[in-house]
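Written below as structure tokens is the structure these notes are about.
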Amino acid sequence: MSECVAEKKRRVLWIINHQTLMDFEPYILRDLGYEVYIPKLFPQSEENRSGKVTYDFDSSLTIPREVLDQLNEFNFYRTKITPTIRSSINNYFDIAIIAAFPHLVEQFITAFEGRIILRVFGHASNTYAKIFEDRYPGFKQAVINLGDRFFFGTAFQHLEDIEPDYIRSRTLYLPIGLPQVFFAQKNTWIGDEDFIFFVCPVINSSPYYQNIYRNFTRFFKGFDYKIGGKQLVQVDDPAVIGSLTREEFDSYLRHCRVMFYHSEEPYHLHHHPLEAMAFGVPVIFMKKGLLGRLGQELPGASKNYREARQKVARVIRGDQEFIKNIQKSQYRILENFSYEYCIRRWRESFATLIKERQGVKQKRKHKIALFVPGSYKSGTFDAARAIAKIIHEKSKNSGSPVHVVLSVQAGVHGYETIKKIKEEGIDLRETKWEIVDRDRAKKIANLTGILSEMRHSHYYVPRDFVDDFMDCDLWICVSDSFMYPIFPLKRYGVVVHDVLMKYFPEYQQGPLYYSRILQNRGADFILTTTPQTRDDVISYYGIASDRVFLVPIDYSNEDRYLSTQVPTSPYILWPTNAAVHKNHLNAFKALMRYYSLGGTYKIVITGWDVNVFDLSYNCPEDQLLSLPHIAETRRYLEREKSARDKIEIRSNLEKQEYYDILKRAAFLFCPTMIDNGTFAVIDAGLYKVPMCCSDYPQMRYLDETFNLKISFFNPRSPDEMAEKMLEMEQTWDKRKMNLPSQQELIAKIERKRDEYWDIMQGLL
């Protein structure tokens, strides 16, 4: 096989020449491992008013200089592909990403032997199939004949919905992104000039844009406005400022008070409102358009021009709360255009291309071990299972499947749990932890070639009595609650869920406390799921920041969330456990205060070992001595008898039992003093159960990340907690209606799962 044929699979012909796209997509391709060629000639026309030429990628192309010169002198957009050009593109390129020009499409279908991605960004008035069938006879049959060599590369996930099946079945999602330069402009908006910034090009040379211009000037009469956009024919309107340099355009974005975006086209979106959002400009837009599809319920969305004018007026008047709400909401839209989101999706889509290629050598499958310490049956175990599912499913979808091994303590989990996990494609191994002293650790290190210094007196070694996890590339401890540090037979990391010992002296004692410090300091990396916990790990344990990673919430949704229920006999649900940071005494004081204020709902308390708060339970004396907060809380409950009949305690429930109770609750009550935030609020959100919770950074982070609309209270104030519960009793039904839809929440969860896999790939 010749060198050029052997190497061609790493190169892409990117035949687009769009200015903004050029600052983003070729860099995505480069970071995916491809060399990129971009044409130097393109049509100078109204259709290509945003065209651009660059030579920046030529130097990285490993093709003969004479071939590059031939390509640079050829006009792909206008000229029929010659035998010489045909030979060059087929010898040196495997993939062609082409703009949606009929001539271009016909030429590549006829001449190119690799994979063709028709790059589409949406059309204002027609389907792509109709456009090409009208201008290129035989297009449909040609696409069908191409089979797996043709892809419909959509910038937005719904563009294929209106296309016929022969197009729709070949969809490849390649989201459009904004160059980093725009995200770097975050919060640079000043808004010190009272004008609307509106973009409307070619007003006097396009009936389509002329109509847009007339609608805008009619509905926004009386406001000061500036209209940007390239004008081929002069417009008799001093507000039309015409073509702008990049610097001039950015200046208008910074100083305008508001931008209005007119489009009501469901399958097309311009870049400029996104650029404005990145600057922090409040953007008022139409719900019917594609931008409205991305942010239907956001405060900037308007159902008609009349509503848009009213919202523009609020911004012009300086309604700061309204402006801040718009700005905050816009960043949710921009997530879909970030480099991180786009490269993740592009990588997954290009994996489809790679999978379909013949003769590609398969890489060795990676294997990751996830260790769950002790006898955890929920909480940490659920987190480990969620991480395992994320890695298994996302790696499989990306075309680089990873074998996941979930390690649990022998004898803890029953047959049904083990069976279900294995059915999910995850290998579960029951593990016994062997304690080895320093001398034996040194002998093992010598035998295995480990160079690490044996600093500790004892280590844990995992035993599965098969390979003892030596067949795994990476070890991850899904908790730092190990009694001894892990012996570093493999590169390993630790998931730190919280740093409670920083806040509660009760945790700063005993061998486990010191073991946690040693374990975390000895790990190759630390994973945390909230910014506050990451900061705590760095400051409290003294671990270098480049070893501590902020990963998304390790939460895995399941089909159980498909059914919700409106409570017929409403009650409060309080999920907790017996640990001191759960703030039981203040919570019970708040509960009694709530009943004294006229509260009527009973409360159901669930969680592991919460039976210690049931006065009929004979709590062991040693437990009361070792956990004085339990004894203190029980003494309080013994004194407060008035409302004890309204308290129902359900300890150690199975998951399904808990979900059945959750979906019938009026609202969720989470009075924890501090932790890493609780998955209970995400569960509640999926069941559309409103929630009131303690106000601390990790819980705020969960609320902001998933838009849960949590009602917060001070966990140190029983009076405030009681008042909040009373308020929730009176308003939970209305709050239920305002919660995000299940579809929205599941979509957010799915995006976070994608992000988690991206980080895991980097660690591998």
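A quick yes/no check of all residues on (1) under 25 Å from residue 553 (Cβ atoms); (2) within 21 Å of the chain's Cα centre (by Cα); (3) of a type in the set (A, V, I, L, M, F, W, C):
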position	(1), (2), (3)
644	no, no, no
667	yes, no, yes
681	yes, yes, yes
711	yes, no, no
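I'm told residue 215 meets every condition in (1) surrounded by fewer than 19 Cβ atoms within 10 Å (Cβ to Cβ); (2) in contact with a strand residue (DSSP E or B) (Cβ under 6 Å, 6 or more places away or on another chain); (3) under 26 Å from residue 159 (Cβ atoms) except one. Can you identify the failing condition by its number?
Every condition holds for residue 215 apart from (2).
Among the residues of the stretch 123-171, write down those that are under 20 Å from residue 349 (Cβ atoms) and aromatic (Phe, Trp, Tyr).
The answer is 128, 150, 151, 152, 156, 166.
So how many residues does the stretch 77-111 have that are assigned to a loop (DSSP other than H, G, I, E, B) and in contact (Cβ under 8 Å) with a residue 24 or more places away in the chain?
9
In the stretch 612-628, is there at least one residue being within 30 Å of residue 416 (Cα to Cα), of a type outside the set (Val, Ile, Thr), free of Cβ contacts under 8 Å to residues at least 12 places away in the same chain and surrounded by fewer than 17 Cβ atoms within 10 Å (Cβ to Cβ)?
Checked the stretch 612-628: at least one residue is within 30 Å of residue 416 (Cα to Cα), of a type outside the set (Val, Ile, Thr), free of Cβ contacts under 8 Å to residues at least 12 places away in the same chain and surrounded by fewer than 17 Cβ atoms within 10 Å (Cβ to Cβ).
Any idea which residue in the stretch 647-671 is surrounded by the fewest Cβ atoms within 10 Å (Cβ to Cβ), counting only those that are under 14 Å from residue 681 (Cβ atoms) and of a type in the set (A, V, I, L, M)?
662
Can you pull out every residue in the stretch 508-547 that is over 25 Å from the mean Cα position of the chain (by Cα), over 22 Å from residue 487 (Cα atoms) and without any contact (Cβ under 8 Å) to a residue 40 or more places away in the chain?
Answer for the stretch 508-547, where residues must be over 25 Å from the mean Cα position of the chain (by Cα), over 22 Å from residue 487 (Cα atoms) and without any contact (Cβ under 8 Å) to a residue 40 or more places away in the chain: 508, 509, 539.
All but one of (1) buried (at least 21 other Cβ atoms within 10 Å of the Cβ); (2) in a helix (DSSP H, G or I); (3) touching a residue at least 40 places away in the same chain (Cβ under 8 Å) hold for residue 254; which doesn't?
In the conditions (1) buried (at least 21 other Cβ atoms within 10 Å of the Cβ); (2) in a helix (DSSP H, G or I); (3) touching a residue at least 40 places away in the same chain (Cβ under 8 Å), residue 254 misses (1) alone.
Of 162, 89, which residue is buried (at least 21 other Cβ atoms within 10 Å of the Cβ) and modelled with pLDDT of 85 or more?
89
Might you check whether a residue that is touching a Gly at 6+ places or on another chain (Cβ under 7 Å), within 18 Å of residue 345 (Cα to Cα) and modelled with pLDDT of 90 or more occurs anywhere in the stretch 94-114?
yes
Within the stretch 339-361, can you find the residues that are basic (Lys, Arg) and modelled with pLDDT of 85 or more?
Correct list: 344, 345, 347.
Of a type in the set (A, V, I, L, M, F, W, C), outside the structural domain of residue 163 (by TED's automatic domain parsing) and either crowded, with 23+ Cβ neighbours inside 10 Å or touching a residue at least 40 places away in the same chain (Cβ under 8 Å) (or both): does that describe residue 298?
no
Being among the acidic types (Asp, Glu), part of a helix (DSSP H, G or I), crowded, with 19+ Cβ neighbours inside 10 Å and within 29 Å of the chain's Cα centre (by Cα): is that true of residue 275 here?
yes
Residues in the stretch 362-375 that are at pLDDT 70 or above and more than 21 Å from residue 490 (Cα to Cα): how many?
Result for the stretch 362-375: 1.
If I filter the stretch 301-344 down to residues being under 30 Å from residue 173 (Cα atoms) and touching an Asp or Glu at 6+ places or on another chain (Cβ under 8 Å), which single residue comes out as surrounded by the most Cβ atoms within 10 Å (Cβ to Cβ)?
Ranking the qualifying residues of the stretch 301-344, first place goes to 344.
With 97, 131 as the choices, which residue is surrounded by 19 or more Cβ atoms within 10 Å (Cβ to Cβ) and either closer than 17 Å to residue 38 by Cβ or more than 31 Å from the chain's Cα centre (by Cα) (or both)?
97
Restricting the search to the stretch 685-705, which residues are free of Cβ contacts under 8 Å to residues at least 40 places away in the same chain, in a helix (DSSP H, G or I) and buried (at least 21 other Cβ atoms within 10 Å of the Cβ)?
The one that is free of Cβ contacts under 8 Å to residues at least 40 places away in the same chain, in a helix (DSSP H, G or I) and buried (at least 21 other Cβ atoms within 10 Å of the Cβ): 699.
Test residue 725 against the criterion of being within 30 Å of residue 596 (Cα to Cα), touching a Cys at 6+ places or on another chain (Cβ under 8 Å) and assigned by TED's automatic domain parsing to the domain that holds residue 669, and give yes or no.
Considered against the rule, which asks whether it is within 30 Å of residue 596 (Cα to Cα), touching a Cys at 6+ places or on another chain (Cβ under 8 Å) and assigned by TED's automatic domain parsing to the domain that holds residue 669, residue 725 comes out as yes.
Can you pull out every residue in the stretch 20-30 that is farther than 15 Å from residue 119 by Cβ and either in the same structural domain as residue 246 (by TED's automatic domain parsing) or modelled with pLDDT under 90 (or both)?
23, the sole residue that qualifies.
Going by the conditions given, is residue 285 touching a residue at least 24 places away in the same chain (Cβ under 8 Å), crowded, with 20+ Cβ neighbours inside 10 Å and within 25 Å of residue 128 (Cβ to Cβ)?
yes
With the structure loaded, tell me whether residue 44 is modelled with pLDDT of 90 or more and not β-branched (Val, Ile, Thr) or whether it fails that test.
Answer is no for this residue.
Of all residues in the stretch 289-337 being assigned to a loop (DSSP other than H, G, I, E, B) and within 25 Å of the chain's Cα centre (by Cα), which is farthest from residue 198 (Cα to Cα)?
Filtering first and then ranking leaves 297.
Please verify whether residue 708 is in a loop (DSSP other than H, G, I, E, B), in contact with a Pro (Cβ under 8 Å, 6 or more places away or on another chain) and not β-branched (Val, Ile, Thr), treating the condition exactly as stated.
yes
The values are calculated or read from the model by the stated rules, or taken from the named source; none is laboratory data. What you see is a predicted model, and the numbers here were worked out from it, not measured in a lab. Quick reminder, even Gly has a Cβ in these numbers, built from the backbone with ideal geometry, and neighbours come from all protein chains shown.
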